[in-house]
Structures are given as C-alpha cells and as structure tokens.
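The values are calculated or read from the model by the stated rules, or taken from the named source; none is laboratory data. Since this is a predicted model, take the numbers as computed values, not measurements. Glycine also receives a Cβ, built like all others from the backbone with ideal geometry; neighbour counts cover every protein chain displayed. Ligands, DNA and RNA are excluded from the accessible area calculation, which covers all protein heavy atoms including side chains. Shrake-Rupley method; radii C 1.70, N 1.55, O 1.52, S 1.80 Å.
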Amino acid sequence: QVQLVESGGGTVQPGGSLRLSCAASGFTFSSSAMAWYRQAPGRERELLAAITNPSGRTDYADSVTGRFTISRDNAKNTVYLQRNKLKPDDTAVYYCNAAVPISWADSEDYWGQGTQVTVSS
C-alpha cells in the first residue's frame, strides 16, 4: 500500500542543479517525517536530510549542511531535495524514506526504489 517513487535523477554536469522528487501514496503524508538518503558506489547509505511533522523542522547531515535543501508539499504528497553546484562526489543512488506513524510513539520506515544521480562532464 505504501509507495514512494523517486524521480528527477539523471546525468548532470558539474556545477549544475538538481531537484529530486519523491511522490508518496498509501499513507497520511502530512503525518509522516520524510528523509533523503544516498548511497555512493562502494560506500554505505548516508542520511542527507530529514523534514518532520507537524513542526516541519528540517535537519541536515553535517557533511551536507548548506549544500542541500529539503522541502515538502503536503498538498501534493511530495518531498523534494534541491542541490545546486553539483559535484562529481554527489554521484550516488538517492533514496526517499518515510517514517509512517503506527502509534503515538512508534513509526515504520518505508523506502523508495531510488533514483540514480550521476555528476559528470
């Protein structure tokens, strides 16, 4: 029932911009915290950014603060990840994550299939 579909990936030249989208369905999007992760070749999956509800607080990994922007549009059930000035090191598979509430204190994680981002000339 829960589905997360990432889009917006592809090959981008260094210095370019990218906006990834994650379309969510099958749960109450506005009640769920959302996050973006990435996994580069030969590396472990890395948390990039998260955005919570209902406060809408955003949190960024120390390594990417100031480089990525996470946002959400609850009317469209979509979370976004914006990145300007892309670098080759940004090459990775980017994953959308949803923490879907199952009780007042607990949630269950769901993952999208990922979208490939390649930064190359």
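Phi-derived couplings, Karplus 6.51 cos²θ - 1.76 cosθ + 1.60 at θ = phi - 60°, listed residue by residue for the range 115-121: 9, 7, 10, 10, 9, 7, 7 Hz, with x used for Gly and Pro. Averaged per residue, the chain has 56 square angstrom of accessible surface, using a 1.4 angstrom probe with ligands and nucleic acids left out. Per atom type, the range 59-117 shows carbon and sulfur on 47% of its accessible surface, probed at 1.4 Å. For the pair Ser107 and Ser17, a Förster radius of 25 Å applied to the C-beta separation gives a FRET efficiency near 0.20, rounded to the nearest 0.05.
The Gln116 and Ser31 beta-carbon pair, evaluated with R₀ = 25 Å, returns a calculated FRET efficiency of approximately 0.25. Modelled spin labels at Glu46 and Thr58, positioned 7 Å past Cα toward Cβ, are 1.9 nm from each other.
Taking a Cβ cut-off of under 12 Å around Cys22, the surrounding Lys, Arg, Asp and Glu residues balance to a net charge of +1, with basic ones at +1 and acidic ones at -1. Let me make sure I get this right: for the range 8-83, a, b and c are the square roots of the gyration tensor eigenvalues over alpha carbons, sorted descending. Under 1.5 in a/c it's rounded, otherwise prolate if a/b > b/c, else oblate. Which is it? Verdict is prolate for the range 8-83.
For the peptides 90-96, 10-16, 39-45, the ranking by packing is 90-96, 10-16, 39-45, with the highest mean count of neighbouring Cβ atoms within 10 Å listed first.
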